[in-house]
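To start, the structure under review is shown below, and the notes come after it.
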Amino acid sequence: MQWSTMVATAVGTVLGVVSTLVADHIRWNRDTSERDREALRTAFTGYLTALAQARDAFSRTEPSPERVGKGHVAIGEHGVYGAQQQLELMAQRPVADMAGRATLSVLDFHDVVLAGHDSDSVEYLHAWRAARENRQALIEEMKKALRRS
C-alpha cells in the first residue's frame with residue numbers, strides 16, 4: 001500500500017471526527033441556548049402573571065385607610081416577590097430594574113385603592129395607567145431580552 005493512500009485515509013478520518021465534534025458542539029450550544037431562553041420565558045411569564053393577579057385583586061379591594069402603605073404584604077401574598085426574585089436571578093439588569101418599577105407601580109395602585117379613591121378619580125386613573133405603562137414597558141424589554149438570548 002502506498003503511503004499517500006494511508007495519509008489520505010488518516011486525513012479523511014481526522015476531518016470526519018473534527019466535523020462531527022464541531023457539529024455536536026454547535027447542536028449542544030443551540031440546545032443550551034433554547035433551554036435558557038425557555039427558562040427565561042417561564043420566569044417572565046410567572047412574574048407577569050403574579051403581578052397581574054395582584055393588580056386585579058387590588059382593584060377589587062375595599063377602601064381601608066389604615067392598611068395604606070402595607071401593600072408589600074398583600075403583594076407578597078400573590079407571589080410577586082418570589083417571581084421577581086427568580087426573574088432577578090435569570091434576567092439581565094434592565095429587565096430586573098423595570099420589574100422593580102412595575103412592582104412599585106402596582107404597590108402605588110394598591111395604596112390609591114385602599115385610600116378610598118374610586119375608579120373614576122384622577123388618582124385612581126393615574127395609578128392604574130402608571131401600572132399599565134410600567135408593565136407594557138417591561139414586556140417590551142422582556143421581548144428584546146428573549147430575542148437576544
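The values are calculated or read from the model by the stated rules, or taken from the named source; none is laboratory data. Computed from a predicted model, the values in this text were never measured in an experiment. Every residue, glycine as well, gets a Cβ built from its backbone with ideal geometry; the counts of neighbours run over all protein chains shown. For the accessible areas, the whole protein counts, side chains as well, though only heavy atoms, and no ligand, DNA or RNA atoms are used. Shrake-Rupley method; radii C 1.70, N 1.55, O 1.52, S 1.80 Å.
Let me spell out the model: positive unit charges on the Cβ of Lys and Arg, negative unit charges on the Cβ of Asp and Glu, origin at the Cα centre of region 99-149. What dipole size does that give, in debye rounded to 20? Can you show the working numbers first?
Numbers: 8 positive and 8 negative charges, 123 e Å.
Using only the charged Cβ atoms, the result is roughly 600 debye.
Would you please name the trypsin sites (Lys or Arg not before Pro) within region 50-148 that are DSSP coil residues with at most 13 other C-beta atoms within 10 Å of their C-beta?
Details: sites: ARG55, ARG60, ARG67, LYS70, ARG101, ARG129, ARG132, ARG135, LYS143, LYS144, ARG147, ARG148; in loops: ARG60, LYS70.
Listed in order of number, the matching sites are ARG60.
Skip the ligands, DNA and RNA, and give the accessible area per residue of region 12-149 with a 1.4 Å probe, whole Å². It would help to have the intermediate numbers written out before the result.
Numbers: 8320 Å² over 138 residues.
Accessible area per residue: 60 Å².
Gain in length, GLN53 to GLN86, computed as 0.36 nm per residue apart minus the alpha-carbon separation, to one decimal in nm?
Numbers: separation 33, 0.36 × 33 = 11.88 nm, distance 1.73 nm.
So the chain would gain 10.1 nm between GLN53 and GLN86.
Where the only charges are on Cβ atoms (+1 Lys, Arg; -1 Asp, Glu), what is the dipole of the chain about its Cα centre, to the nearest 20 debye?
Working: 18 positive and 19 negative charges, 129 e Å.
Using only the charged Cβ atoms, the result is roughly 620 debye.
Quick one: with all protein chains in place, what share of the accessible area of region 22-149 is carbon or sulfur, to the nearest percent (1.4 Å probe)? Don't skip to the end; give the middle numbers.
Working: 3990 of 7560 Å².
That fraction is 53 percent.
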